[in-house]
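Heads up: the structure comes next, in structure tokens.
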Amino acid sequence: MDKKIKIAIIGSRGYPYIYSGYETLVKELSERLIKSGYHVRVYCHSSLFKKKPRQVNGVELVYTPSIKSKVFSQLYNSFFSFIHVCFSKIDIVFVVNSANGPFGLITKLFRKPTVINVDGLEWLRPKWKGLGSIYFKWASKMSTLFYDQIINDSDEMRNIYLNLFKKDSKVIAYGANIRKSESPKLINKLNLKKREYYLIIGRLVPDNNADIIINGFIRSNSKKKLVIVGDVPYKDSYASNLKKINDERLIFTGYITNQNLLAELYHNCYVYIHGHEFGGTNPTMIKAMAYGCSILALDTVFNQEMLQKGKFGMFFNKNFFSITNMIDYCEKENILMSKFRKQSVNGITQKYNWDFVTSQYLEVFKSLIS
């Protein structure tokens with residue numbers, strides 16, 4: 001039975017396309033499922049791919065219509081992908097992104113077993129003000145009604161779904177690949193020296209709190225740099241105002257697609273600062289742990305869960321003063337920062353191992369088919 005299971009994945013930008021956590025999940029999961037002898041189909045946004053091969057690394061690729069729109073691109077693409085998958089010989093559908101909640105009705109009508117990974121508290125994110133926020137909360141509620149299995153990537157997110165929607169979910173964490181530094185000289189391209197900079201990685205959106213981190217850092221006594229990796233793919237006053245802040249210690253790199261350079265930025269920073277507010281297991285923080293960073297994170301239930309309440313990192317509160325105080329503290333505590341760098345990788349327990357993550361997804365898929 002195992003060899004013939006056909007799995008379709010809907011809701012990411014596609015494969016092979018590394019842009020965010022969902023795409024990484026799709027990549028790591030698909031490649032492992034293929035190696036284990038399963039058939040995997042990934043639905044891709046047709047507008048994002050110049051070349052459209054039918055197969056890459058054994059993964060079947062289907063390109064469904066997409067539009068360039070911050071708000072509607074995913075919904076537009078998912079609608080066509082759901083219709084397509086219902087008329088094909090697929091055994092199980094795996095969906096990412098709670099925005100796709102309502103579409104579960106389609107696969108339900110066609111009796112296709114369907115699983116959804118709902119991710120974070122999208123309805124609380126400032127970028128989805130007004131109608132967007134209302135839609136995401138409603139769509140998340142629909143996920144609990146129309147799908148055969150809900151997956152959350154952290155225990156705290158499971159608790160939220162239990163309390164808010166009275167629906168239990170299975171917790172399967174987001175994975176990480178442990179990596180050691182291979183070519184530290186790559187950071188010289190950005191005129192950086194080992195341990196002479198703090199690091200932020202993430203989109204320049206309000207809920208990642210780069211504004212608070214940057215303004216807190218500027219007020220500190222640090223002589224080190226603050227490197228800000230990331231941007232937004234659209235014109236945005238929040239992001240452009242951040243880039244206008246004038247301080248010679250700030251380095252805005254924009255997006256970095258070179259994965260080796262990105263890894264070395266993690267490996268060689270003095271402290272990685274994580275301001276992400278709404279989400280479960282966050283991909284950039286799990287990488288910081290896997291790459292052996294000393295970590296300073298916003299004090300949220302999700303970050304407390306990942307750093308095991310301070311065993312693998314430190315916390316700051318959501319204000320300038322807290323950041324300033326913590327950075328001045330980090331400057332003095334060189335030995336403690338070194339200790340955190342050695343320890344943080346121990347936080348990557350089996351729970352965050354991609355092979356284990358894949359085996360848990362497979363268990364869910366098989367149970368629904370049988």
For the range 212-223, pairs from a residue that is modelled with pLDDT of 95 or more to a residue that is in a helix (DSSP H, G or I) and small (Gly, Ala, Ser), with Cβ under 8 Å and 6 or more apart or across chains, are Gly216/Ser322
The residue that is modelled with the lowest pLDDT, considering only those in the range 282-294 that are crowded, with 24+ Cβ neighbours inside 10 Å and closer than 19 Å to Ala210 by Cα, is Asn282
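With the structure loaded, tell me whether Val85 is surrounded by 13 or more Cβ atoms within 10 Å (Cβ to Cβ), closer than 25 Å to Asn177 by Cβ and among the β-branched types (Val, Ile, Thr) or whether it fails that test. Outline the logic, then answer.
On the way: surrounded by 13 or more Cβ atoms within 10 Å (Cβ to Cβ): yes; closer than 25 Å to Asn177 by Cβ: no; among the β-branched types (Val, Ile, Thr): yes.
Criteria not met by Val85.
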Filtering the range 313-327 down to residues that are in contact with a Gly (Cβ under 6 Å, 6 or more places away or on another chain) and buried (at least 20 other Cβ atoms within 10 Å of the Cβ) yields Ile323
Picked from the range 143-161 (must be without any contact (Cβ under 8 Å) to a residue 40 or more places away in the chain and among the aliphatic types (A, V, I, L, M)), the residue surrounded by the fewest Cβ atoms within 10 Å (Cβ to Cβ) is Ile160
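Where residues in the range 297-310 are outside any helix (DSSP H, G or I) and either without any contact (Cβ under 8 Å) to a residue 40 or more places away in the chain or out of contact with any strand residue (DSSP E or B) (no Cβ under 9 Å at 6 or more places or on another chain) (or both), which of them is surrounded by the most Cβ atoms within 10 Å (Cβ to Cβ)?
Taking the range 297-310 first, the residues outside any helix (DSSP H, G or I) are 297-300, 307.
Adding the requirement that they be either without any contact (Cβ under 8 Å) to a residue 40 or more places away in the chain or out of contact with any strand residue (DSSP E or B) (no Cβ under 9 Å at 6 or more places or on another chain) (or both) leaves 297, 299-300.
Values: Ala297: 24, Asp299: 14, Thr300: 19.
Checking each candidate, the answer is Ala297.
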Restricted to the range 334-370 and to residues being more than 20 Å from the chain's Cα centre (by Cα) and among the β-branched types (Val, Ile, Thr), the residue modelled with the lowest pLDDT is Ile369
The range 188-287: helices (runs of 4 or more DSSP H) wholly inside it with 2 or more residues that are in contact with a Pro (Cβ under 9 Å, 6 or more places away or on another chain) are 259-268
For Tyr19, indicate whether it is modelled with pLDDT of 95 or more and aromatic (Phe, Trp, Tyr). no
Exactly one of Ser30, Ser66, Ser12 is among the polar types (S, T, N, Q), in a loop (DSSP other than H, G, I, E, B), within 25 Å of Ser98 (Cβ to Cβ) and in contact (Cβ under 8 Å) with a residue 24 or more places away in the chain, and that residue is Ser12
Filtering the range 154-192 down to residues that are over 16 Å from the mean Cα position of the chain (by Cα) and of a type in the set (Val, Ile, Thr) yields Ile160, Ile178, Ile187
Given the conditions (1) outside the structural domain of Leu190 (by TED's automatic domain parsing); (2) of a type in the set (A, V, I, L, M, F, W, C); (3) within 15 Å of Asp153 (Cα to Cα), every one holds for Leu362 apart from (3)
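Considering only the range 169-182, how many residues are surrounded by 12 or more Cβ atoms within 10 Å (Cβ to Cβ) and part of a loop (DSSP other than H, G, I, E, B)?
Kept after step one, since they are surrounded by 12 or more Cβ atoms within 10 Å (Cβ to Cβ), are these residues of the range 169-182: 169-179, 181.
This time we only want the ones that are part of a loop (DSSP other than H, G, I, E, B), so: 169, 172-175, 177-179, 181.
Qualifying residue count, the range 169-182: 9.
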- [ ] For the range 314-327, state whether one or more residues are in a helix (DSSP H, G or I) and either among the charged types (D, E, K, R) or under 18 Å from Ala173 (Cα atoms) (or both).
- [x] no
Considering the range 228-253, residues that are modelled with pLDDT of 90 or more and under 20 Å from the mean Cα position of the chain (by Cα), and then whichever is farthest from Glu331 (Cα to Cα), we arrive at Ala239
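The values are calculated or read from the model by the stated rules, or taken from the named source; none is laboratory data. Given the structure is predicted, the values throughout are model-derived calculations rather than measurements. Counting neighbours? That spans all protein chains shown, and the Cβs are built from the backbone with ideal geometry, glycine included.
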